[in-house]
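Q: My structure is below; once you've seen it, I'll send some questions.
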Amino acid sequence: MPISRVLSVNRGEIAARVVRAAHALGIETVQAVSMADRESRAAQLADRTVVIGPAASRLSYLDANLLVHTALQTGCDALHPGYGFLSEREHLARLCDEHGIIFIGPAAETIAALGDKLKAKAIARAAGVPLVPGTERIATVNDAVKAGEELGYPVLIKASAGGGGRGMFIARGPDDIVASFDKASNEAMEAFGDGTMYMERYVENARHVEVQVFGDGSGKVLHFGERDCSIQRRYQKVFEEAPCAAMPPALRRQLHESAVNLVASLKYRNAGTVEFLYDIDRQAIYFIEVNARIQVEHPVSEQVTGYDLVQLQFQIAGGEPLRWTQDQIPVTRHAIECRLNAEDPYRNFKPSPGRITRWVPPQGAGIRLDSHCYADYLVPPFYDSMIGKLIVTAASREECVRRLQVALEKFVVEGLTTNLPLLKFIATHPDFAANQLNTRWLEQILLPAFEATQE
Amino acid sequence: MASSEKRKVTAEDIENLIEIFKQSSWDEMHLEADGLEIFLSNDPTATTPRTPAAAVPSAAMTNSAVANVVVPAAASVAASSTTLSHAAGGAGAPIPDGQVAIRAPNLGTFYRAPKPGAPTYIEVGQQIEVTTEVCLIEVMKLFTPVQSGLRGIVREIRARDGQMVEFDAVLIIIEPN
């Protein structure tokens, strides 16, 4: 049944993106906002705005009951969770199901299965997807030390329920494990309510690659190519691009097949991303996790394939099948996205919320900006610091990099501090142009060089 | 005098203070200004160090707007409910001089009576006390009674029975006495 009215329950740029995609399909929109987001772009665009709670997200965007109550009371037949907040909480998906609201995302059981990292690995293994050598659950420091010997150092120790780097550390020897294991487990317990840890071999020279997939719930799955998101700081992506130009075609085929097989085994529904570690030295890929939502970096895949993935989310959720074949989704261009944040790259990335007094984004062929900001917009201090995503597209990576450099140079934001100087520095760095980098490049090479420009 | 227009302390101001407090390493925050007193503590059993004469016990605040904002954030607030609960400015018809609004402590469905067919909690013209229950707000079958938070005469009931009210919406207009 096609969706007629959707409740958008996220904020920032993705809420605006969701509202616009809905309108493009003739779907009415209700935007749920906190007190701090009443003046937001999504609130201005939506057909109706409802203040669901105070600024604190725990009492607004993170309260599933409030969201579903609002959906029911405003006559919505669907709910779009965006990314972050409750987008990957089984509870919200289930609550929607129970009240006849279409949750625009995977089935609740799928979210639950993939949300548990160890279960997700078991699913991947069963689907024949390569995994990085690692362990099952580890209960104690002693077990961790023993496992470290078997795997060979360095090892990565992670929280089973984790994400975003919390409860995670690298151990280069048994001493590191003894020093950090209990602390990380406690951190995981506090952040996720689950202190379960596991361990895997740490691949030092790696890229982060991920495959954009879509399923229609029948077992049919299509992919929309891969993204290279190797430029990260503290496990937060800063630049993302499509395709992964550094990957040879044979390995890319294996990557796509692995991703599709994994989610097809779950009869996956809606948008998802299968993340892999690309071991540059061994020329191998290892499954990391599935993100059961639309991701921040989805626009680069849209740019290189020509599909609108958020509109596709609405269509699939409304019961339409995937009516294409894989060869109708060729990747013909190159796209790079960078995340503009209200943070000070010279002061340890301290968030810098405030009022934007001047906002002049670059324009032109192959330049796209996904943002909720405008001149006189107040970036509230309560949430994520991302204020926009600049996406450039061109026929080749080389041309794309050049276009990105110009676009960043022309981007004017005044009134608050942004990471624009860092983005420019990355875009003009020779390693970036040569595509000679890995997941540690930003922290180990680029940032020290960037900081040196200050002295 | 309980004039909200002059005070200009909004629910948002309070939220901002709470946010600052949460991100700090402080154990307590105690602020007094203009007859307004705010006490934030990480100790759930803590009470105001010095309760102003006009203040109501913190237990009586449980269902008022500000208390609902604060309690789940692991901080406790005790303050003059007259000032805090009704100070926020907002959209809609203006509030007549000398009168104050009781606002929705959370989004939900507004009910004037404890159950269908039962007598309403309050009627226009009625004298109410600080702890008088004035309405019910329901979120997904969870019903929460809302207390007045101040003494006065009911002048207007703005929210409609059985309709959804947004967070901080004006529910009822009271003339304090």
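Q: Run the reach check for A:LYS121 against lysines, Cα to Cα strictly under 26 Å, same-chain hits fewer than 8 apart removed. What comes back?
A: A:LYS146, A:LYS158, A:LYS183, A:LYS220, A:LYS237, A:LYS267
Q: Just tell me how shielded A:144-157 is by partners: mean number of partner chain Cβ atoms within 10 Å of each residue's Cβ, no decimals.
A: What the average comes to for A:144-157 is 0.
Q: Counting helices only, and only those DSSP H runs with n ≥ 4, report the 222 nm mean residue ellipticity of chain A as the sum of -39,500 (n - 2.57) divided by its residues, in deg cm²/dmol to the nearest 500. List each step's numbers first, then the result.
A: Numbers: 15 runs with 151 residues, N = 455.
The helix contribution divided over chain A gives -10000 deg cm²/dmol.
Q: Rounded to the nearest 20 Debye, what is the dipole magnitude of the protein assembly as shown about its Cα centre when Lys and Arg each give +1 and Asp and Glu each give -1 at the C-beta?
A: Using only the charged Cβ atoms, the result is roughly 980 debye.
Q: Using θ = phi - 60° and the Karplus form 6.51 cos²θ - 1.76 cosθ + 1.60, what ³J(HN,Hα) does each residue of the stretch A:168-184 get, whole Hz, x for Gly and Pro?
A: 10, 8, 9, 10, 9, x, x, 4, 4, 5, 4, 6, 10, 4, 5, 4, 5
Q: Follow-up. Tell me, what ³J(HN,Hα) does each residue in the stretch A:3-19 have, in order and in whole Hz, if you take phi through Karplus 6.51 cos²θ - 1.76 cosθ + 1.60 with θ = phi - 60° and put x for Gly and Pro?
A: Couplings: 6, 10, 8, 10, 9, 8, 10, 10, 9, x, 5, 5, 5, 5, 4, 5, 4 Hz.
Q: May I pose another question? Which length gain, in nm to one decimal place, applies between A:GLU257 and A:ASN142 when the Cα-Cα distance is subtracted from 0.36 nm times their residue separation?
A: 37.6 nm
Q: Using packing as a proxy for protection, rank A:86-99, A:422-435 so that the peptide with the highest average count of other Cβ atoms within 10 Å comes first. Before the final figure, lay out each step's value.
A: Working: A:86-99: 19.1, A:422-435: 16.9.
Descending mean neighbour count gives A:86-99, A:422-435.
Q: Just to verify a number: FRET efficiency for B:ASP27 and A:ALA179, C-beta to C-beta distance, R0 = 30 Å, to 0.05?
A: After rounding, the FRET efficiency stands at 0.55.
Q: Want the number for A:HIS99 to A:GLU320: 0.36 nm per residue separation, take away the alpha-carbon distance, what's left?
A: 77.4 nm
Q: Here is a further query. For the protein assembly as shown, build the charge dipole from Cβ charges (+1 Lys, Arg; -1 Asp, Glu) around the Cα centre, then report which of A:ASN435, A:ASN341, A:GLN326 sits farthest towards its positive end.
A: Farthest along the dipole direction, towards plus: A:GLN326.
Q: Say each of A:ASN435 and B:ALA93 gets a label point 7 Å from the Cα, pointing the same way as Cα to Cβ; how far apart are those two points in nm?
A: Going by the 7 Å Cα→Cβ label model, 6.6 nm.
Q: For A:GLU150 and A:TYR235, calculate 0.36 nm times their separation in residues minus their Cα-Cα distance, and state this gained length in nm to one decimal.
A: 28.0 nm
We did not get these values from a lab; they are worked out from the coordinates using the rules stated. Everything numeric in this text was worked out from a predicted model, so none of it was measured. Cβ coordinates were reconstructed from backbone atoms using ideal geometry, including for glycine residues, and neighbour counts include every protein chain displayed.
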